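Contents: one structure, followed by commentary.
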Amino acid sequence: MAVQRTFSIIKPDATNRNLTGAINAIFEKNGLRIVAQKRIEMTQKQAETFYAVHSERPFFGELVEFMTSAPVVVQVLEGENAVLKHREVMGATNPAEAAEGTVRKEFALSIGENSVHGSDSEENAAIEIAQFFSGNEIVG
Ligand code: ATP
Ligand code: MG
(Lines give C-alpha, C1' and ligand atoms only; values in the text may rest on other atoms or scores of the structure.)
(Ligands and ions follow the chains in the order given, each with its own letter.)
Protein backbone atom coordinates (compact mmCIF):
# COMPACT_ATOMS: atom_id res chain seq x y z
CA MET A 1 0.00 0.00 0.00
CA ALA A 2 1.11 3.50 -0.75
CA VAL A 3 0.72 6.76 1.09
CA GLN A 4 -1.96 8.77 -0.70
CA ARG A 5 -3.74 12.08 -0.33
CA THR A 6 -7.48 12.56 -0.59
CA PHE A 7 -9.81 15.56 -0.54
CA SER A 8 -12.44 15.88 2.17
CA ILE A 9 -15.24 18.32 2.96
CA ILE A 10 -17.06 18.66 6.27
CA LYS A 11 -20.45 19.78 4.96
CA PRO A 12 -22.85 22.51 6.23
CA ASP A 13 -25.08 20.19 8.26
CA ALA A 14 -22.01 19.20 10.27
CA THR A 15 -20.46 22.66 10.70
CA ASN A 16 -23.90 23.95 11.77
CA ARG A 17 -23.97 21.37 14.56
CA ASN A 18 -20.37 22.11 15.66
CA LEU A 19 -19.14 18.64 14.64
CA THR A 20 -15.84 19.57 12.97
CA GLY A 21 -13.73 18.33 15.87
CA ALA A 22 -15.75 15.15 16.39
CA ILE A 23 -15.42 14.22 12.71
CA ASN A 24 -11.73 15.06 12.63
CA ALA A 25 -11.20 12.84 15.67
CA ILE A 26 -12.71 9.90 13.75
CA PHE A 27 -10.45 10.59 10.75
CA GLU A 28 -7.35 10.82 12.95
CA LYS A 29 -8.24 7.69 14.95
CA ASN A 30 -8.38 5.85 11.62
CA GLY A 31 -4.90 6.87 10.53
CA LEU A 32 -5.82 9.82 8.34
CA ARG A 33 -3.57 12.83 8.91
CA ILE A 34 -5.00 16.34 8.27
CA VAL A 35 -2.24 17.95 6.18
CA ALA A 36 -4.32 20.98 5.07
CA GLN A 37 -7.58 22.43 6.31
CA LYS A 38 -9.59 25.65 6.00
CA ARG A 39 -13.11 26.83 6.75
CA ILE A 40 -14.73 28.62 3.81
CA GLU A 41 -18.07 29.65 2.44
CA MET A 42 -18.38 28.00 -0.96
CA THR A 43 -19.60 30.26 -3.72
CA GLN A 44 -22.34 29.10 -6.06
CA LYS A 45 -19.77 28.82 -8.84
CA GLN A 46 -17.36 26.76 -6.71
CA ALA A 47 -20.15 24.36 -5.74
CA GLU A 48 -21.41 24.03 -9.32
CA THR A 49 -17.89 23.34 -10.60
CA PHE A 50 -17.10 20.91 -7.81
CA TYR A 51 -20.27 18.87 -8.41
CA ALA A 52 -20.37 19.33 -12.22
CA VAL A 53 -20.45 15.54 -12.65
CA HIS A 54 -23.93 15.60 -11.06
CA SER A 55 -25.25 18.58 -13.07
CA GLU A 56 -27.91 16.51 -14.85
CA ARG A 57 -29.17 14.79 -11.69
CA PRO A 58 -32.52 15.88 -10.23
CA PHE A 59 -30.94 16.78 -6.88
CA PHE A 60 -28.23 19.07 -8.36
CA GLY A 61 -29.94 22.38 -7.50
CA GLU A 62 -30.66 21.21 -3.97
CA LEU A 63 -27.06 20.01 -3.59
CA VAL A 64 -25.56 23.35 -4.67
CA GLU A 65 -27.97 25.24 -2.43
CA PHE A 66 -27.04 23.03 0.52
CA MET A 67 -23.27 23.31 -0.02
CA THR A 68 -23.50 27.12 -0.11
CA SER A 69 -25.92 27.43 2.84
CA ALA A 70 -23.29 27.60 5.62
CA PRO A 71 -19.54 27.27 6.04
CA VAL A 72 -17.74 24.09 5.04
CA VAL A 73 -14.32 22.81 6.07
CA VAL A 74 -12.18 21.69 3.12
CA GLN A 75 -9.32 19.37 3.91
CA VAL A 76 -6.50 17.28 2.51
CA LEU A 77 -6.07 13.97 4.32
CA GLU A 78 -2.96 11.81 4.01
CA GLY A 79 -2.35 8.19 4.90
CA GLU A 80 -1.88 4.63 3.69
CA ASN A 81 -4.51 3.98 1.01
CA ALA A 82 -6.18 7.24 2.05
CA VAL A 83 -8.81 7.45 -0.72
CA LEU A 84 -10.43 4.10 0.09
CA LYS A 85 -9.80 4.37 3.84
CA HIS A 86 -11.58 7.74 3.95
CA ARG A 87 -14.55 6.38 1.95
CA GLU A 88 -14.80 3.48 4.42
CA VAL A 89 -14.69 5.78 7.43
CA MET A 90 -17.35 8.09 5.88
CA GLY A 91 -19.79 5.23 5.25
CA ALA A 92 -22.48 4.87 2.58
CA THR A 93 -23.94 7.99 0.91
CA ASN A 94 -27.35 7.22 2.43
CA PRO A 95 -26.95 7.19 6.23
CA ALA A 96 -29.68 4.54 6.48
CA GLU A 97 -27.24 2.20 4.71
CA ALA A 98 -24.06 3.32 6.48
CA ALA A 99 -22.18 0.84 8.68
CA GLU A 100 -21.88 1.21 12.44
CA GLY A 101 -19.01 3.43 13.52
CA THR A 102 -18.90 5.44 10.29
CA VAL A 103 -19.22 9.25 10.21
CA ARG A 104 -22.46 9.13 8.21
CA LYS A 105 -24.04 6.50 10.48
CA GLU A 106 -23.21 8.61 13.50
CA PHE A 107 -23.92 12.13 12.23
CA ALA A 108 -25.63 12.35 8.82
CA LEU A 109 -29.22 13.63 8.70
CA SER A 110 -30.25 12.39 5.25
CA ILE A 111 -28.87 11.32 1.87
CA GLY A 112 -28.41 15.02 0.99
CA GLU A 113 -27.29 16.34 4.37
CA ASN A 114 -24.72 13.61 4.85
CA SER A 115 -22.00 15.51 6.74
CA VAL A 116 -18.92 14.69 4.64
CA HIS A 117 -17.53 14.42 1.13
CA GLY A 118 -14.61 12.26 0.07
CA SER A 119 -12.89 11.84 -3.30
CA ASP A 120 -13.76 8.60 -5.08
CA SER A 121 -10.38 8.03 -6.81
CA GLU A 122 -6.78 9.19 -6.54
CA GLU A 123 -7.18 10.99 -9.87
CA ASN A 124 -10.26 12.91 -8.68
CA ALA A 125 -8.55 13.62 -5.36
CA ALA A 126 -5.75 15.48 -7.18
CA ILE A 127 -8.29 17.49 -9.23
CA GLU A 128 -10.40 18.35 -6.17
CA ILE A 129 -7.40 19.29 -4.01
CA ALA A 130 -6.22 21.68 -6.73
CA GLN A 131 -9.64 23.40 -6.75
CA PHE A 132 -9.22 24.52 -3.14
CA PHE A 133 -5.53 24.44 -2.15
CA SER A 134 -2.25 25.67 -3.53
CA GLY A 135 0.81 23.48 -3.00
CA ASN A 136 2.29 25.57 -0.21
CA GLU A 137 -0.90 25.27 1.87
CA ILE A 138 -0.41 21.50 2.18
CA VAL A 139 2.12 20.48 4.78
CA GLY A 140 2.59 16.74 5.23
P1 ATP B 1 -19.68 12.74 -1.96
O2 ATP B 1 -19.36 12.90 -3.44
O3 ATP B 1 -20.33 13.96 -1.36
O4 ATP B 1 -18.51 12.22 -1.18
P5 ATP B 1 -20.84 10.19 -2.52
O6 ATP B 1 -19.69 9.97 -3.42
O7 ATP B 1 -21.10 9.19 -1.43
O8 ATP B 1 -20.78 11.60 -1.81
P9 ATP B 1 -22.39 10.95 -4.84
O10 ATP B 1 -23.19 9.97 -5.60
O11 ATP B 1 -21.09 11.44 -5.41
O12 ATP B 1 -22.18 10.36 -3.37
O13 ATP B 1 -23.33 12.21 -4.55
C14 ATP B 1 -22.78 13.45 -4.18
C15 ATP B 1 -23.63 14.08 -3.11
O16 ATP B 1 -24.88 14.44 -3.66
C17 ATP B 1 -23.97 13.16 -1.93
O18 ATP B 1 -23.00 13.10 -0.94
C19 ATP B 1 -25.22 13.81 -1.41
O20 ATP B 1 -24.91 14.94 -0.58
C21 ATP B 1 -25.90 14.30 -2.68
N22 ATP B 1 -26.86 13.31 -3.16
C23 ATP B 1 -26.61 12.13 -3.75
N24 ATP B 1 -27.75 11.47 -4.05
C25 ATP B 1 -28.77 12.26 -3.62
C26 ATP B 1 -30.17 12.16 -3.62
N27 ATP B 1 -30.79 11.09 -4.13
N28 ATP B 1 -30.89 13.17 -3.08
C29 ATP B 1 -30.28 14.26 -2.57
N30 ATP B 1 -28.94 14.43 -2.53
C31 ATP B 1 -28.19 13.44 -3.05
MG1 MG C 1 -19.06 11.41 -4.89
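The values are calculated or read from the model by the stated rules, or taken from the named source; none is laboratory data. Here the structure is a predicted model, which means the values were calculated and not measured. Virtual Cβ from ideal backbone geometry, glycine too; neighbours counted across all protein chains shown. These accessible areas exclude ligands, DNA and RNA; they are computed on the full protein's heavy atoms, side chains included. Shrake-Rupley method; radii C 1.70, N 1.55, O 1.52, S 1.80 Å.
Structure values in brief
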{"quantity": "10 Å binning of all Cα-Cα separations within segment 52-140, expressed as whole percents from 0 upward", "calculated": "15, 42, 38, 6"}
{"quantity": "Solvent-accessible heavy-atom area per residue, rounded to whole Å², over segment 31-124 at 1.4 Å", "calculated": "53 Å²"}
{"quantity": "Segment 107-119 - phi-based ³J(HN,Hα) in whole Hz, Karplus 6.51/-1.76/1.60, Gly and Pro as x", "calculated": "10, 5, 9, 6, 4, x, 8, 10, 6, 8, 10, x, 4"}
{"quantity": "Karplus (6.51, -1.76, 1.60) ³J(HN,Hα), θ = phi - 60°, over segment 32-42, in Hz, Gly and Pro reported as x", "calculated": "9, 9, 7, 9, 7, 6, 8, 9, 9, 9, 5"}
{"quantity": "Sulfur and carbon atoms: percent of accessible area, the chain [1.4 Å]", "calculated": "48 percent"}
{"quantity": "Pairwise label distance in nanometres, Glu41 with Met1, each label 7 Å out on the Cα-Cβ vector", "calculated": "4.0 nm"}
{"quantity": "Label zone at Arg57, where the point sits 7 Å out along the Cα-to-Cβ direction: segment 77-100 residues whose backbone N lies under 12 Å", "calculated": "93-94"}
{"quantity": "Residues with amide H under 5 Å from that of Met42, placed H, sequence gap 5 or more", "calculated": "Val72"}
{"quantity": "Protein-only accessible surface order, largest first, of His117, His86 at 1.4 Å", "calculated": "His117, His86"}
{"quantity": "Spatial separation of Cα centroids for segment 1-29 and segment 123-140, in angstrom", "calculated": "16 Å"}
{"quantity": "Segment 26-116, relative contact order in percent, only Cα pairs under 8 angstrom and at least six apart counted", "calculated": "28 percent"}
{"quantity": "Rg ratio (alpha-carbon, reference 2.2 N^0.38 Å) - segment 7-52", "calculated": "1.29"}
{"quantity": "Long-range amide H partners of Gln4 with built H, under 5 Å", "calculated": "Gly79, Glu80, Asn81, Ala82"}
{"quantity": "Segment 131-140 - phi-based ³J(HN,Hα) in whole Hz, Karplus 6.51/-1.76/1.60, Gly and Pro as x", "calculated": "6, 10, 9, 8, x, 7, 8, 10, 10, x"}
